[in-house]
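Down below is the structure, laid out as structure tokens.
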Amino acid sequence: MTLAFHNNPDLAAIIRAQVDAHTAADEIVQGRYWENGKGCFIGCLAHGADIGRVQELTGFPFMLTRIAENIFEWLDNETAKGFPQAVIAAPFVGADLSLVSWQFLHWCVSDALHQYADAATQAACAPAVQVLADKARGVPVTADGAARAANAAYATAYAAHAAHAAYAAADAAHAAYAATDAAADAARAAYAARATGAAAEAAGAAADAAHAADAAHAAYIATDAAAEAADAAAEAARKRQADKLIELLSAASPRRTSI
């Protein structure tokens, strides 16, 4: 379920051609799923709002699709027009995408802490960041370990109101805690992460245990962290997120074992 295009080159060619055609016809637009032959990241793939259809066509996990959609909606208009095409072209056919969302969220939290947290806050949040680092590498994380990391980061956040980035790692650890192998199986991946920069909420995620629909609502807003950290730098931050996601998709290996 997490292999790019389900390891089907013919399917990949069809979907990539579809997105190429929408891009060439200037049919990629923000703010709508699919209306009058135009739409967003999800819309240009599913020709509607059904994120499950995107997974059927691309093999992208729900969380990954939500991250990509949210980046798309906050890019400047010209960059957004080419973003779906770049994302769909990035992974090798058959590449294992199961860890890409966690890799992105780990980068997002680490980036926010690096840019906005002082040394003491970074040190206090290190266990929480390690939880995401483990998830990003496919290493099992125990519920107890994630809970301890979350508690340490929350304590720092509440003790230092100025350390906004502390909330990032705290909520990220809470997310990882809910998604640990000890708490739920991979199909029910629960909370993704929260990451904040200087004045912005980043991400939390919720899985539908029945069929994992919209597996990461917070992953949908996970990418708000760096982009809204400083109003003046929002556009550049979102572009960095777009570039990072494409980089991670390109680096996903067909040889990795899914977890």
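The values are calculated or read from the model by the stated rules, or taken from the named source; none is laboratory data. A quick note: this is a predicted structure, and the numbers were derived from the prediction, not measured. So basically every Cβ, Gly included, is an ideal-geometry build from the backbone, and we count neighbours across all protein chains shown.
Descriptive notes on the structure:
- Scanning the stretch 1-41 for residues that are assigned to a helix (DSSP H, G or I) and in contact with a Phe, Trp or Tyr (Cβ under 6 Å, 6 or more places away or on another chain), we see that the one that is nearest to N70 (Cα to Cα) is F41.
- Selection status of A90, within 24 Å of Q18 (Cβ to Cβ) and hydrophobic (A, V, I, L, M, F, W, C): yes
- Residue ranges of helices (runs of 4 or more DSSP H) in the stretch 67-182 with at least 1 members at pLDDT below 80: 100-116, 119-137, 143-159, 164-178
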